[in-house]
Every structure is written in structure tokens, then in C-alpha cells.
Amino acid sequence: MTASDGGTYAPQAVHAPVVGPGEFPVAAVGLDHGHVYGMCEGLVGAGALVSWVYDPDPAKVEAFRRRFPEARVAREEAEVLGDDAVRLVAGAAVPADRCALGVRVMDAGKDYFTDKAPLTTLEQLAEAEAAVERTGRMYAVYYSERVHVETAVLAGQLVESGAIGRVLQVIGTGPHRLSAATRPDWFFDKSRYGGILTDIGSHQVEQVLHYTGADDATVVRSHVANHAHPEHPGLDDFGEAMLVTSTGATGYFRCDWFTPDGLQTWGDGRSLVLGTEGFIEQRKYMNIGTQDGPGHLFLANGEGERHVQVRGEVGYPFFGQLVRDCLDRTETAMTQAHAFKAAELAVRAQLGAVDLVPRG
């Protein structure tokens, strides 16, 4: 898992257990995206035990067990869903299949933890919401660019403490390296991955909602394009959107597949949070032109300027909170409404996007 490959990149686990050994067994089902490793690493850091793994591709299962050798290999999905001991199922299936998997998981009486994008259509959103209501189970989402990045965690804590006053705007960039030769066929099929704003744009929408403290937003405008990959006409290699939130703050984000090969990491992801009394900048994965590593946060307010390189100071509290939420039936890690609203707005941005370049 290298920093050059965003599809399999997973931060080093932070050991902060909230349960005893064996108290919280989980399973991994659907290994189509490498984010499943980060999801499971985070859960293990919170004290979970990866007790099962299932995927129809034996090669994916074998690779997963090299990382999590304690996981038993299920012969079929039903074997996992039929184990009453399993508390939560983590999945990173093809995006268009994530909702259906989640409904099966919740109907089996288990909580569901899915990679982003958690769904790809508004019809799937309605199905997921109905399943949550029907079963009382949780449909949690791995919005990793906030919950699994320490600068993002610290930025949220600073905003909550009032360090920059009331948030007025959030600007986010989500560049990624394409590595087209390593991608599966579904990656280039919009009906399967959902489009760039639905997929990696959902990270950015979630951060706009989180940092502004908004429970809703309107997509003012959005664009997508295939600027440079005509051999893959189903690929959006560029996307952008502007939102106005229910708090009156605005959000703008850009995501793309144009990280150059010479960059030291898979994407120079950044965010800028503007408040009435200061601002916060995050350089999440690198500080360009240096070998300083990831995790740079810059704060400016009435007290002065600070540059903090965040390494192990705040950890990833989302995972421990998620484990406790599953056990205690609470919503401390992320509310269900927030998880679904971010997904909804990403899909609406995609549906309403103007395509900037005619496609063949």
C-alpha cells in the first residue's frame, strides 16, 4: 500500500481500542476497491476483529488475508450474513452494487459500513433509507478524506472550538492519479462507478457539510468533462461543483484524474476553510517540493499563524465512535442523515452537471 496509489492507500492504524478482544467481530464482503483495507485497518485500531472475508475473486481474498490473516474465508456471502456473532459488515463493492449489498446486510440484522460513494442513484438512496427505517440498522460511510486524515480531524476540532469564527466557505481539491492500466473495466463505466462527482466528489460534499455545520445544501452549478481520455468515453476525468449550504456558507470543490506521475503521492489533496475570524488550510498528503511528508495544517486567526504537522496527535476517532455507535445504538461518529445527505448532494451534482466537452 504505497502513497503513489490512492486506490490502495491506507493510513497506518492507530491503536485506540474501545472494546475488549473479540467483543466486536466484523466481516469484509466485496473487495472491488482497495479502500476496504483502510476501512478494516481503522476498525481493527478501534479493537474490532476481522473474523470473515468474502469475495467471488479468490485472488482478492488471498491478498486481503495477507493483511488480515485472522479472517476466515467464507464460501458464500450467506455464510457471513448467517453468523450471528458478526456485528458489522464492511464492504467496498463496485459503487453501483453497494446499496444492494447494504440492504442485504441490514436485512440480516447487521450494521453496514461502505466505502464512498455509498450509492450511485437517487433510487438507491430511497432503498437505503427505507432499509434503515425498516431494520433499525446503520448504513455508515467511509468518507476517508475527512475521517481518516489527521489534518481533517484537527481542522474539525479547531472549527468546533471557534478558532476561525463562523465558517463562510469551504474550498476543496481532490486530485487523483489515474493509473489507467491498473483499473478494472467497471472503473470506466459510468453506470457502474456513478460519475466523478458521485464518486470522489462525495468526499468533498461531505467536508463542505461537516465544516459548515450544515444539514442541507443546494447545488448551484456543476460541470464534468472528459478532457484527455477519449479512449475511455465513460470516464469523467474532471468535475467541479458549487454549493450553497443551509447555513448560508458556500462550498466549491474540484476533483480530477490528472495527478502527474512525477508527484510524490497519488494526489495533492487540499482544503481551505474560511471563517469570520481566520482560516485553515490543509495540505493532506504532501507539501509539494519538499520531503516533509503528509499532514500539514496551517491556521491563521487573531492570535497569529501556526503550521502544525499532524502525526499521531489526534488519531482517527471516527472508528472508535462507529464501533460504540453499533453497540450503543448512538450516532456520535456521523449521523445517518449526514451520511445520506452527502451522498444525495453528490448524486444531484452529477445529475445536473454540464458536460464541458462533447464525447464520441
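The values are calculated or read from the model by the stated rules, or taken from the named source; none is laboratory data. Keep in mind the model is a prediction, meaning the values are calculated, not measured. Note that we place each Cβ from the backbone using ideal geometry, even for glycine, and neighbour counts take in every protein chain shown. Side chains included, ligands, DNA and RNA excluded: accessible areas come from the protein's heavy atoms. Shrake-Rupley method; radii C 1.70, N 1.55, O 1.52, S 1.80 Å.
Once you treat every alpha carbon in region 244-285 as an equal point and sum by Debye, what is log10 I(q)/I(0) at q = 0.17, 0.23, 0.27, 0.29 Å⁻¹? Log-scaled intensity ratios, in q order: -0.64, -0.89, -1.03, -1.10.
Normalised by the empirical 2.2 N^0.38 Å for globular proteins, what value does the Cα Rg of region 174-288 take?
Ratio of Rg to 2.2 N^0.38 Å for region 174-288: 1.15.
Work out the P(r) tail for region 49-89: percent of alpha carbon pairs separated by more than 16 Å, whole number. Everything past 16 Å amounts to 29 percent.
Each 10 Å bin, from zero up to the one with the longest distance, holds this percent of the alpha carbon pairs of region 278-360: 13, 21, 29, 29, 7, 0.
Given the -39500 (n - 2.57) contribution per DSSP H run of 4+ residues, what per-residue ellipticity at 222 nm results for the chain, rounded to the nearest 500 deg cm²/dmol? One gets -9000 deg cm²/dmol as the mean residue ellipticity at 222 nm.
Convex hull volume of the Cα atoms of the chain, normalised per residue: 130 Å³. Leaving ligands, DNA and RNA out of it, work out the accessible area of VAL44 with a 1.4 Å probe and give it in Å² to the nearest 10. For VAL44, solvent-accessible area is about 50 Å².
Computed over every Cα-Cα pair of region 160-201 and binned at 5 Å starting from 0, the pair-distance distribution P(r) comes out as 5, 15, 19, 18, 10, 9, 8, 8, 9, 1 percent.
Each Lys and Arg Cβ is given +1 and each Asp and Glu Cβ -1; about its Cα centre, the chain then shows a dipole of about 240 debye.
Give me the compactness ratio for region 134-232, meaning the Cα radius of gyration over 2.2 N^0.38 Å.
Working: Rg = 16.6 Å, N = 99, 2.2 N^0.38 = 12.6 Å.
Cα-based Rg divided by the globular estimate yields 1.32.
For THR114, the amide hydrogen comes within under 5 Å of the amide hydrogens of GLY91, ALA140, VAL141, TYR142, counting only partners 5 or more places away or on other chains and with H modelled in the peptide plane.
The largest-to-smallest principal axis extents of the Cα set in region 71-188 are 50, 40, 33 Å.
Under a 5 Å amide H cut-off, with hydrogens placed 1.01 Å from N, GLN169 pairs with THR250, LEU274 among residues at least 5 apart or on other chains. Under Stokes-Einstein, with the Kirkwood radius over Cα pairs as Rh, the value for region 1-122 at 4 °C and 1.567 mPa s is 90 µm²/s.
One Cα centroid belongs to region 325-360, the other to region 28-103; the line between them spans 22 Å. If you run the Gaussian network model on the chain, springs between alpha carbon atoms under 10 Å, then out of ARG75, ARG192, ARG146 the most flexible one is ARG75. For VAL50, the residues 5 or more places off, or on other chains, whose built amide H falls under 5 Å of its own are VAL26. Each 10 Å bin from zero up to the one holding the largest Cα-Cα distance in region 104-162 carries the following percent of pairs: 21, 38, 25, 16, 0.
Counting protein heavy atoms only, the chain has 52 percent of its accessible area on carbon and sulfur, 1.4 angstrom probe.
How much length, in nm to one decimal, is gained on full extension between ALA337 and ALA78, taken as 0.36 nm per residue of separation minus their Cα-Cα distance?
Value of the extension gain: 90.4 nm.
Here the translational diffusion coefficient of region 21-90 follows from Stokes-Einstein with Rh set to the Kirkwood radius across Cα pairs; for 20 °C and 1.002 mPa s it amounts to 182 µm²/s.
Using a probe of 1.4 Å, the accessible surface attributed to PHE64 totals some 0 Å² when neighbouring protein chains are kept in position. Heavy-atom accessible surface of region 218-359, averaged per residue, reaches 45 Å², computed with a 1.4 Å probe.
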